[in-house]
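Read the structure below first, then the notes.
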Amino acid sequence: MILVFGGTTEGRKAVEVLEEAGQPFYYSTKTDIQDVTLHHGIPLQGAMDQEAMTTFCQEHDIRLLIDAAHPFAQILHETVAAVAEELHLPAIRYERIFPERDKDITWIDDYQDIPNDIHTLLATTGVQSISKLKWLEDEGVKVFYRILDRESSIKLAYEQGASDDQLCFYTDSRVIDIDADAILLKESGLTGGFQEKVDAAKQKDMRIFVLRRPKTPSVFHTVNGPHGLRLAVEKLLPDFFPLHSGLTTGTCATAAAVAAMIRLTKGETPNEVPVLLPNGETIMVPVGYGDGYAYCIKEAGDDPDVTNGMEVRASVEKSNIFEIKGGEGVGRFTLPGFDYPPGEPAINKTPREMIRQNIEKCSMFNVQCSITITVPQGAEIAKRTFNPRLGIEGGISIIGVSGIVKPFSEEAFISSIRKCMEVAKASGTDRVVINSGAKSERFLKDRYPHLPQQAFVQYGNYIGETLKIANELQFPKVTLGVMLGKAVKLAEGHLDTPSAKPMFNVQRSMFHSPSPASYGRFYQRKR
């Protein structure tokens with residue numbers, strides 16, 4: 001069992017991740033105020049001290065702790081860390097994403113560090129901080145307290161000596177409606193509205209004091225997003241998720257590029273490097289090094305993929321411009337309908353942006369450079385994918401939308417269909433032939449021998465979604481090929497037969513399951 005401490009946005013995200021496993025877990029909050037939908041999760045309310053937490057873990061066979069509480073819940077962080085060490089349990093800290101610390105802001109570690117050469121201060125640090133700021137009032141500073149407009153918070157504010165004229169309430173974090181010399185904030189991260197408050201204070205020309213977040217105890221495995229959380233749970237508690245996630249080729253290429261740049265600029269060869277994903281979170285990715293290049297091994301998790309175990313390499317050279325090139329084993333677009341025109345290397349938009357952002361993210365990467373991505377055996381592997389039918393020749397594609405491969409993603413599989421339909425439209429054909437799989441496609445190709453390869457699109461279990469896409473793209477003619485069993489379902493009014501329905505088992509053997517990333521995850525499957 002897993003025990004999660006939440007009550008925050010991160011807690012809610014942790015629930016969403018764990019619910020995907022379909023297994024029970026405990027979700028603990030200090031109060032019952034947070035509205036969280038739990039299907040497999042078991043709610044707990046009330047604070048736990050170290051003794052109570054230890055006892056609970058022993059009595060309920062807890063094997064993993066996840067701390068997704070507020071960054072400033074320091075007592076809880078320390079308690080979870082202590083219990084983890086005492087019981088030899090792995091522990092994950094689900095941290096927020098924090099912007100870089102602004103040098104124009106005054107950073108402090110304690111309320112006593114606030115300069116007293118101000119006349120008025122707006123404190124947004126929560127109702128519990130009122131008593132800690134009384135010393136400023138004794139120094140003659142007028143302090144306004146911005147708190148939540150709820151009965152329990154107002155009562156607690158009065159108990160700590162706040163008066164009515166000192167209280168103001170949250171409406172919009174981007175608006176500061178109190179005229180004060182300065183503002184006091186907590187380093188609460190992006191989900192805490194930190195940057196919006198800073199921007200609003202700067203517009204009013206206020207001095208800005210910020211309490212640094214407490215340091216995370218070293219016992220924790222730290223993540224700052226849902227993908228990182230799932231990867232950490234899969235590593236620390238392998239049997240919790242029935243299927244494990246993996247990395248896209250885009251993430252592998254990015255990790256290899258970052259590792260190659262670190263070696264070029266710093267002479268270091270770390271075993272893993274940080275990779276910023278498109279959703280803003282950062283994960284650590286294992287890398288290795290060769291003669292003049294760095295590499296990352298593609299791990300598809302439990303998603304069937306012919307690129308699993310493939311080595312993705314990156315070499316870096318100083319240049320007058322920043323450019324990303326495709327080398328050996330990376331295919332090239334030969335048809336329209338993709339992010340880039342024919343002749344360009346088949347490195348899609350999201351991976352290119354990932355590589356650029358990650359190279360620019362680190363301050364030591366301030367040099368222009370030329371990055372070449374290569375994939376040994378990529379040309380051979382590509383023959384077992386759908387790349388040739390989409391006009392991608394000479395190798396595999398560097399792809400991925402989220403950066404993470406989640407096995408059997410319905411949404412991503414439909415995205416795969418959409419991309420194939422867009423390529424069909426770009427081929428100039430006036431007819432698209434949609435079919436359920438390889439057998440029906442062979443039959444239809446004999447019937448329409450004059451149509452280009454790109455005109456034939458497999459819909460798997462999603463007839464209705466494919467027809468909607470055909471309508472959106474305004475195909476003049478659509479031919480539907482369907483096997484008898486699926487035709488029966490269609491006649492019953494079921495436009496789609498997703499994985500939870502009986503027909504899925506037949507189609508999964510044909511398609512090797514819906515894919516978790518972009519269309520490329522579809523065409524880089526075994527046929």
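Only one of the numbered conditions (1) open to solvent by less than 10 Å² (accessible area, probe 1.4 Å); (2) farther than 20 Å from Asp305 by Cα; (3) among the small types (Gly, Ala, Ser) is not met by Ala255, and that is (2). When the range 133-149 is filtered for residues that are open to solvent by 60 Å² or more (accessible area, probe 1.4 Å) and either within 21 Å of Leu185 (Cβ to Cβ) or in contact with an Asp or Glu (Cβ under 7 Å, 6 or more places away or on another chain) (or both), the ones remaining, listed by number, are Glu139, Lys142, Leu148, Asp149. Kindly indicate whether Gly46 is buried (at least 17 other Cβ atoms within 10 Å of the Cβ) and in contact (Cβ under 8 Å) with a residue 12 or more places away in the chain. Spelling it out, it is not the case that Gly46 is buried (at least 17 other Cβ atoms within 10 Å of the Cβ) and in contact (Cβ under 8 Å) with a residue 12 or more places away in the chain. The set of residues in the range 464-475 that are in a helix (DSSP H, G or I) and among the hydrophobic types (A, V, I, L, M, F, W, C) comprises Leu467, Ile469, Ala470. Could you tell me which numbered condition Gln112 fails, if it satisfies all but one of (1) in contact (Cβ under 8 Å) with a residue 24 or more places away in the chain; (2) polar (S, T, N, Q); (3) in contact with a helix residue (DSSP H, G or I) (Cβ under 8 Å, 6 or more places away or on another chain); (4) open to solvent by 60 Å² or more (accessible area, probe 1.4 Å)? Among (1) in contact (Cβ under 8 Å) with a residue 24 or more places away in the chain; (2) polar (S, T, N, Q); (3) in contact with a helix residue (DSSP H, G or I) (Cβ under 8 Å, 6 or more places away or on another chain); (4) open to solvent by 60 Å² or more (accessible area, probe 1.4 Å), Gln112 violates only (1).
Among the residues of the range 61-72, those that are more than 17 Å from Val17 (Cβ to Cβ) and either touching a Phe, Trp or Tyr at 6+ places or on another chain (Cβ under 7 Å) or surrounded by 19 or more Cβ atoms within 10 Å (Cβ to Cβ) (or both) comprise Ile62, His70, Pro71, Phe72.
For the range 265-296, a residue qualifies if it is under 21 Å from Lys318 (Cα atoms) and of a type in the set (Ser, Thr, Tyr), and the qualifying residues are Thr265, Thr269, Tyr289, Tyr293, Tyr295. Being at pLDDT 90 or above, part of a strand (DSSP E or B), more than 14 Å from Ile359 (Cβ to Cβ) and within 24 Å of the chain's Cα centre (by Cα) is a description that applies to Val285. Looking across the range 264-301, just one residue is basic (Lys, Arg) and closer than 17 Å to Ile371 by Cβ, and that is Lys266.
Got a sec? Which of Phe241, Phe220, Phe209 is under 25 Å from His88 (Cα atoms), open to solvent by less than 10 Å² (accessible area, probe 1.4 Å) and either among the small types (Gly, Ala, Ser) or touching a residue at least 12 places away in the same chain (Cβ under 8 Å) (or both)? The unique qualifying residue is Phe241.
Meeting the requirement of 1 or more residues that are more than 39 Å from the chain's Cα centre (by Cα) and of a type in the set (D, E, K, R), the strands (runs of 3 or more DSSP E) wholly within the range 73-165 are 142-147. If I filter the range 405-414 for residues that are in contact with a helix residue (DSSP H, G or I) (Cβ under 6 Å, 6 or more places away or on another chain), under 23 Å from Thr334 (Cα atoms) and in contact (Cβ under 8 Å) with a residue 40 or more places away in the chain, do I get at least one hit? Within the range 405-414 (the criterion being in contact with a helix residue (DSSP H, G or I) (Cβ under 6 Å, 6 or more places away or on another chain), under 23 Å from Thr334 (Cα atoms) and in contact (Cβ under 8 Å) with a residue 40 or more places away in the chain), the answer is no, since none of the residues qualifies.
For (1) assigned to a loop (DSSP other than H, G, I, E, B); (2) surrounded by 15 or more Cβ atoms within 10 Å (Cβ to Cβ); (3) under 23 Å from the mean Cα position of the chain (by Cα), each residue gets a yes or a no:
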| residue | (1), (2), (3) |
| --- | --- |
| Ala294 | no, yes, no |
| Ala300 | yes, yes, yes |
| Val312 | no, yes, yes |
| Ser315 | no, yes, no |
| Ile321 | yes, no, no |
| Leu335 | yes, yes, no |
| Phe338 | yes, yes, no |
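Considering every residue within the range 268-283, establish whether at least one is of a type in the set (Asp, Glu) and open to solvent by less than 20 Å² (accessible area, probe 1.4 Å). Yes, that holds for at least one residue.
The values are calculated or read from the model by the stated rules, or taken from the named source; none is laboratory data. Here the structure is a predicted model, which is why all the values come from computation and not from measurement. Positions of Cβ are generated from backbone atoms using ideal geometry, with glycine treated the same way; all protein chains shown enter the neighbour counts. To get the accessible areas, we keep the full protein, side chains included, count just its heavy atoms, and leave off ligands, DNA and RNA. Shrake-Rupley method; radii C 1.70, N 1.55, O 1.52, S 1.80 Å.
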